[in-house]
Amino acid sequence: MQGPPRRSPVSTPRIAVVGGTGPQGKGLAYRFARHGYGVVLGSRVADRADEAAAAIRERLPEADVTGAANADAAAQAGLVLLAVPYDGHDELVASLADALAGKVVVSCVNPLGFDKQGPYGLPLERSAAESAATLVPTARVVGAFHHVSAVTLWGEADYLDHEDVLVCGDDVDAKQQVIELARTVTGRDGVDAGRLRLARQLEPLTAVLISVNKRYKTRSGVAISGLDH
């Protein structure tokens, strides 16, 4: 039984999770809602978003969580998190350009491939986060939440306090919002990992974690040592 949602000190507007019916998006939406944020889940099919929102409300009866089609979800929020597969990413972001314009857009998209040898990062000229920034130039794009496990996000633990959320971006204020939003997941600020171009390194690192998890049958995360949390 979950306790009541807990308010976070972050002054973040309503959050839309585009791709909110997938495991990662749904798990992050659940974490945000646990801390009192209004959340709208987006999906290509609005009915699927409604079902995912209902699943969160079943666990958090007092939570303000709704579902909508992706464009409607993004239009309702001041901060939009992209939690979609890389396949079709650019087409989807381009279709949402009007709804994303001028907003903080958080990308946790990981462009990965899989073959008989396991997962690997796709050889791209730019990261998914940089692609989103190019497609919607007025959006304040931040890369974050790439490495947190969907299973543990949906789990019962209050926080994933054994790991850190790495945050990269070029807009200082937008990045700070997301650094503070990371408290809903780990219980502490996210780690400022630098400029948005470093998403090119952060996104494919997920392939390494998947490989580690398979080898050791665990759910590993990234933890940065030497910081005063």
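Throughout, read-outs are computed from the coordinates displayed, never taken from laboratory work. This structure is a prediction, so every number in the text was calculated from the model and none was measured. Backbone-built Cβ (ideal geometry, glycine too); neighbour counts: all protein chains shown.
Okay, here's what the table says:
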{"read-out": "At most 15 other Cβ within 10 Å, DSSP loop - GluC sites (Glu not before Pro), segment 41-102", "value": "GLU62"}
{"read-out": "Cα gyration tensor category, rounded, prolate or oblate, for segment 43-153 with a/c compared to 1.5", "value": "oblate"}
{"read-out": "Fraction of beta bridges assigned by DSSP in the chain that are antiparallel (%, nearest 5)", "value": "20"}
{"read-out": "GluC sites (Glu not before Pro) within segment 125-187: DSSP coil, no more than 16 neighbouring Cβ in 10 Å", "value": "GLU125, GLU156"}
{"read-out": "Inter-centroid distance (Cα atoms) of segment 15-40 relative to segment 153-213, Å", "value": "15"}
{"read-out": "Segment 122-183: equivalent-ellipsoid semi-axes (sqrt of 5 x gyration tensor eigenvalues, Cα, Å)", "value": "25, 15, 9"}
{"read-out": "Label selected from (i) 0.97; (ii) 0.93; (iii) 1.04, the criterion being Rg/Rh (Cα atoms, Kirkwood Rh) as computed here", "value": "(ii)"}
{"read-out": "Extension gain (nm, one decimal) between ASP115 and GLU156, 0.36 nm per residue minus Cα-Cα", "value": "11.5 nm"}
{"read-out": "Most mobile listed residue (VAL208, VAL17, VAL141) in the chain, GNM with C-alpha springs under 10 Å", "value": "VAL208"}
{"read-out": "Cα gyration tensor shape for segment 154-225, rounded if a/c is under 1.5, else prolate or oblate", "value": "oblate"}
{"read-out": "Whole-number percent relative contact order across segment 47-104, with pairs defined as alpha carbons under 8 Å at least 6 apart", "value": "31"}
{"read-out": "Listed residues ALA16, ALA144, ALA133, most fluctuating in the chain (Gaussian network, C-alpha, under 10 Å)", "value": "ALA133"}
{"read-out": "Of the trypsin sites (Lys or Arg not before Pro) in segment 37-103, those whose Cβ has at most 16 other Cβ within 10 Å and which sit in DSSP loop", "value": "ARG44"}
